[in-house]
Amino acid sequence: MELRETAVPQPGPGQVLVRVRAVGICGSDVHYYLHGRIGESVITSAHIPGHEFAGEVAAVAPDVAGLQVGQAVAVEPAIACHRCEMCVQGHPNLCYHIRFMSVPPDHGALCEYVVVEAERCFPLPGSLSFEEGAMLEPLGVALHAIRLASMVVGDRVGIVGCGPIGLLVLQLAAASGALGILATDKVAARLERARRYG
């Protein structure tokens, strides 16, 4: 890990410059740090991690509407191609050529400034902090897990692993009416946190 000074990037058409204010460290970032790879994704040159983040808009390209300098935003880290069949049908999350911030060769947001497409910026209400905004990406993963499980009120739920995603799933399951929740982990502190969340 090293600290580098670089020029502040400038937004191009359809883009905004975001001053990063909070970045989460995902398990994938830890894998890249420890092993330099996750499966077929290998770091081969200097790499900036971090895809769970929020910040404030620092500059806006002239063709961008709906975002203003100083506005707090959370950023979607998935980068769709906008040309494939799934993108054209309105499903950029299923893009055949999807890229993801912090997955090589794309850099992440563990830096002061990052340029992103305006459409990937979601304004944060004043009631949410930048740290809470950075947690929206992992919350989306947890929501997806609950949807895939087809959980209904009264279900009993098992959660294997009480890291951040597991704890978010636990809270969503409880809020969704789970009758009983069994959570497991090897780390005592995580189990204690799971007990506090129900």
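Every read-out reported here was derived from the displayed coordinates using simple, explicitly stated rules and does not represent laboratory data. It should be emphasised that the depicted structure is a prediction, and the values quoted were computed from it without experimental measurement. We place every Cβ from the backbone using ideal geometry, glycine too, and count neighbours over all the protein chains shown.
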Can you give the % of DSSP beta bridges in the range 66-198 that are antiparallel, to the nearest 5?
-> 50
From the residues Tyr197, Ser45, Ala134, which one has its Cα farthest along the dipole of the chain in the positive direction, the dipole being from +1 and -1 charges on Cβ of Lys/Arg and Asp/Glu about the Cα centre?
-> Tyr197
Relative contact order (%) - the range 19-139, alpha-carbon pairs under 8 angstrom, separation at least six | 34
Relative to the Cα centre, what is the charge dipole magnitude of the range 64-198, using +1 at the beta carbon of each Lys and Arg, -1 at the beta carbon of each Asp and Glu, and rounding to the nearest 20 debye?
-> 500
Lys and Arg at +1, Asp and Glu at -1: neighbours of Ala78 with Cβ under 13 Å from its Cβ sum to -4
Give the distance, in whole Å, between the Cα centre of the range 1-25 and the Cα centre of the range 156-177.
-> 33
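Under the √(5λ) rule applied to the eigenvalues of the Cα gyration tensor, what semi-axes describe the equivalent ellipsoid of the range 63-198? Give them in Å, descending. Don't jump to the answer; show the numbers that get you there.
Details: eigenvalues 199, 72, 47 Å².
Listed largest to smallest, the semi-axes of the range 63-198 are 32, 19, 15 Å.
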Cα centroid distance between the range 100-123 and the range 51-85, in Å?
-> 8
Spin-label pair Ala46/Asp63, simplified geometry with 7 Å Cα→Cβ offset, distance in nm = 3.0
What is the set of long-range amide H partners of Ile48 at a cut-off below 5 Å, with H atoms built 1.01 Å from backbone N?
-> Gly108
Under a point-charge model restricted to the Cβ atoms of Lys and Arg (+1) and Asp and Glu (-1), what is the dipole moment magnitude of the range 42-138 relative to its Cα centre, in debye to the nearest 20?
-> 240
How much net charge surrounds Ala61 when only other residues with a Cβ under 14 Å from its Cβ are counted (Lys, Arg +1; Asp, Glu -1)?
-> -2
